[in-house]
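See below for the structure under consideration.
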Amino acid sequence: MRFPEVGTVLEQVLIEDLTRTQIVQYAGASGDFNPLHTDATYATQVAGFPGVFAHGMLTMGMTGRLLTDAFGAEAVHHFGGRFLAQVWPGDTLTARAEIVSVADAVATLDVTTTNQDGVEVFRGRGVVAVS
Amino acid sequence: MPSFPVEALHVRTFARALGDANPAFDHVAPPTFTMAAAQADPDFPLRPAIGEKWYGSGRTATGYGPEDVDPAAGVLYAEQHFDFARPVRIGDELTPTQRPGRTWEKDGRRGGRLAFFELVTEFRDAAGHLVVTGTLVGVRTSKQPGVQE
């Protein structure tokens, strides 16, 4: 981003129609094999959910792309946030970030990820280097 | 804890799982990649341990009996934060050290108390420099007697 200004809004679709296979990919890559995410028999019969759901960190990891695509893969100083609602197979997720301050070559953004129903699934903050 | 090598194919596998084909991840890791340090933890509880019971399903819906404790029971993952001194690069050998962080409490929406706790993991490189700090926020619920779910 050449001229980051307070109030600039970035938006990006992170995933359309999230697959159970992508959740499996994330489990395998991250090493988090919690059966809530990987095992429909456990998730339904033991934990009482309608099925498996995504790792919160899969949503957060995907959300990070909004920052690295816009500012560069080496620009992130801080990225953090809260998991607000579960993400299910079939979900379409959109991330939105608004620059709330720019100072000393650093921009701070409020970041939010919503699903296809407009439900906020992740809310957080990014701090990135800007030129 | 043993060190966590930042390896090219692992980073690429992780990036694929995020649906991110950014070629920059041939050189640096995506911001949340240090979650995968779990792979280097010999005792990570959310991975089946060879030769031991696993609480996921096999012949039965859970391999655990009534006397076994689900490692994730009663704790929800509330937040995750990363603070970077520099980007994590392929070729880094990171050594994690963990310590408890802050704790605090709030009233739950459905009664009872929510007990929040931080787990802070600092990753240092081979030169001993702090590269990234990951802060996990978990929450344990405790319900007041008589309050219905």
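The values are calculated or read from the model by the stated rules, or taken from the named source; none is laboratory data. Computed from a predicted structure; not experimentally measured. Note that we place each Cβ from the backbone using ideal geometry, even for glycine, and neighbour counts take in every protein chain shown. Areas reflect the complete protein model, heavy atoms only, side chains present, ligands, DNA and RNA absent. Shrake-Rupley method; radii C 1.70, N 1.55, O 1.52, S 1.80 Å.
Please indicate, with yes or no, whether at least one residue in the stretch B:54-66 is within 16 Å of A:Leu58 (Cβ to Cβ) and basic (Lys, Arg). For the stretch B:54-66, residues within 16 Å of A:Leu58 (Cβ to Cβ) and basic (Lys, Arg): absent. For the stretch B:64-73, taking the residues that are closer than 17 Å to A:Gln45 by Cα and at the interface with chain A (Cβ under 9 Å from one of its Cβ atoms), the one that is modelled with the lowest pLDDT is identified as B:Ala72. Scanning the stretch B:28-54 for residues being open to solvent by 50 Å² or more (accessible area, probe 1.4 Å), at the interface with chain A (Cβ under 8 Å from one of its Cβ atoms), touching a residue at least 24 places away in the same chain (Cβ under 8 Å) and part of a loop (DSSP other than H, G, I, E, B) gives a total of 0. If you go through the stretch A:35-89 and pick out every residue that is in a helix (DSSP H, G or I) and either closer than 30 Å to B:Val88 by Cα or open to solvent by 40 Å² or more (accessible area, probe 1.4 Å) (or both), you end up with 24.
Applying the set (1) open to solvent by less than 40 Å² (accessible area, probe 1.4 Å); (2) without any contact (Cβ under 8 Å) to a residue 40 or more places away in the chain; (3) farther than 24 Å from A:Val24 by Cβ to B:Thr62 leaves exactly one unmet item: (3). Restricting A:Ile23, A:Ile15 to those that are more than 7 Å from chain B (Cβ to nearest Cβ) and crowded, with 19+ Cβ neighbours inside 10 Å reduces the list to A:Ile23. Note on the stretch B:17-27: among residues that are part of a loop (DSSP other than H, G, I, E, B) and under 24 Å from B:Glu122 (Cβ atoms), the one that is least open to solvent (accessible area, probe 1.4 Å) is B:Leu18.
Is it the case, given these coordinates, that A:Ala97 is open to solvent by less than 30 Å² (accessible area, probe 1.4 Å), more than 22 Å from A:Arg123 (Cβ to Cβ) and not in a loop (DSSP other than H, G, I, E, B)? Steps first, please.
Values: open to solvent by less than 30 Å² (accessible area, probe 1.4 Å): yes; more than 22 Å from A:Arg123 (Cβ to Cβ): no; not in a loop (DSSP other than H, G, I, E, B): yes.
Judged against the criteria, A:Ala97 is not a match.
Only one entry of B:Phe14, B:Phe4 meets the criterion of being buried (at least 18 other Cβ atoms within 10 Å of the Cβ) and out of contact with any strand residue (DSSP E or B) (no Cβ under 9 Å at 6 or more places or on another chain), and that entry is B:Phe14. Being buried (at least 16 other Cβ atoms within 10 Å of the Cβ) and modelled with pLDDT under 95 holds for only one residue in B:Leu136, B:Leu76, B:Leu114, B:Leu94, and it is B:Leu114.
When we screen B:Thr103, B:Thr121 for residues that are open to solvent by 70 Å² or more (accessible area, probe 1.4 Å) and not in a loop (DSSP other than H, G, I, E, B), the only hit is B:Thr103. The set of residues in the stretch A:31-58 that are within 10 Å of chain B (Cβ to nearest Cβ) and within 15 Å of the chain's Cα centre (by Cα) comprises A:His55, A:Gly56, A:Met57, A:Leu58. For the structure I just gave you, tell me whether B:Phe82 is outside any helix (DSSP H, G or I), facing another protein chain (nearest Cβ under 9 Å) and touching a strand residue (DSSP E or B) at 6+ places or on another chain (Cβ under 9 Å). The answer is yes for B:Phe82.
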